[in-house]
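> One structure, as structure tokens, below. Some questions next.
Derivation of every value follows stated rules applied to the coordinates shown; laboratory data play no part. These figures come from a predicted structure and were not determined experimentally. Glycine gets a Cβ as well: all are built from the backbone with ideal geometry, and neighbour counts include every protein chain shown.
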Amino acid sequence: MRHRSVTYSPEATFSALADPTRRAVLDLLRKGSQPAGRIAQAFPVSRPAISKHLRRLRRAHLVEQRRVGRLRVYQLNPEPLKAVDSWLERYRSFWHTRLGSLQAYVEAEYEKEQSRAKER
């Protein structure tokens, strides 16, 4: 097999992650490789529906497929998730700052209340 350079599309990754069933498939694959039939058994939808979800995840490079005899075995490819993590990092910083400000405000209000209670 030749080495191929793969460029991951953040849009394809986010689009694939938008569906809760596909996210559940990824959660299942975090535990290890699974044949398509076992993945399908874990969900209350039809096998063709799971096949479509797996195809979408493959196109987004979130899962890799290999043949083992007659089985198609899928495994998680975490590389495209780095783009998601990078995007989320900006929001983590934002919320960390906001929550720090909220904490300072609440603590200041608490101190004021404590001072008023002592004066009574």
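> Lys/Arg Cβ at +1, Asp/Glu Cβ at -1, dipole of the chain taken about the Cα centre: which of Thr97, Ser86, Ala12 is farthest positive-ward?
Ala12
> If you don't mind, there's one more thing I want to ask. What 222 nm value per residue comes from the helices of the chain, counting each DSSP H run with n ≥ 4 as -39,500 (n - 2.57) and dividing by all residues, nearest 500 deg cm²/dmol? Working shown, then result.
Details: 5 runs with 77 residues, N = 120.
Theoretical 222 nm ellipticity from helices: -21000 deg cm²/dmol.
> Residue by residue through the range 63-78, which ³J(HN,Hα) values in whole Hz follow from phi under the Karplus form 6.51 cos²θ - 1.76 cosθ + 1.60 (θ = phi - 60°), with glycine and proline marked x?
So the J values, rounded to whole Hz, are 10, 10, 10, 9, 8, 10, x, 8, 8, 9, 9, 10, 9, 6, 10, x.
> Give the value in nm², to one decimal: projected area of the alpha carbon convex hull of the range 10-76, averaged over all directions.
4.1 nm²
> Across the range 80-93, in residue order, what do the Karplus-derived ³J(HN,Hα) couplings come to in whole Hz, using 6.51 cos²θ - 1.76 cosθ + 1.60 with θ = phi - 60° and x for Gly and Pro?
For the range 80-93, the Karplus curve yields x, 6, 4, 5, 5, 4, 4, 5, 5, 4, 4, 6, 4, 4 Hz.
> Right, another one. To the nearest 20 debye, what charge dipole does the chain have about its Cα centre, counting +1 at the Cβ of each Lys and Arg and -1 at the Cβ of each Asp and Glu?
Taking the Cα centre of the chain as origin, the dipole is about 1060 debye.
> If you line up the Cα atoms of the chain on their principal axes, what length do they span on each, largest first, in Å?
Each principal axis gives a Cα extent; for the chain these are 80, 36, 21 Å.
> Between Gln34, Gln103, Gln65, find the one with the highest GNM mean-square fluctuation for the chain; connect C-alpha pairs within less than 10 Å.
Sorting by GNM fluctuation, first place goes to Gln103.
> Take the Cα pairs of the range 80-120, get the Kirkwood Rh, then feed it into Stokes-Einstein at 10 °C and 1.306 mPa s and tell me D in µm²/s.
Reported coefficient: 127 µm²/s.
> By how many degrees, between 0 and 90 and to the nearest 10, does the Cα long axis of helix 47-59 differ from the longest principal axis of the chain?
70 degrees
> Can you give the angle from 0 to 90° between the axis of helix 20-30 and the longest principal axis of the chain, with both taken from C-alpha atoms, to the nearest 10?
The angle comes out near 80 degrees.
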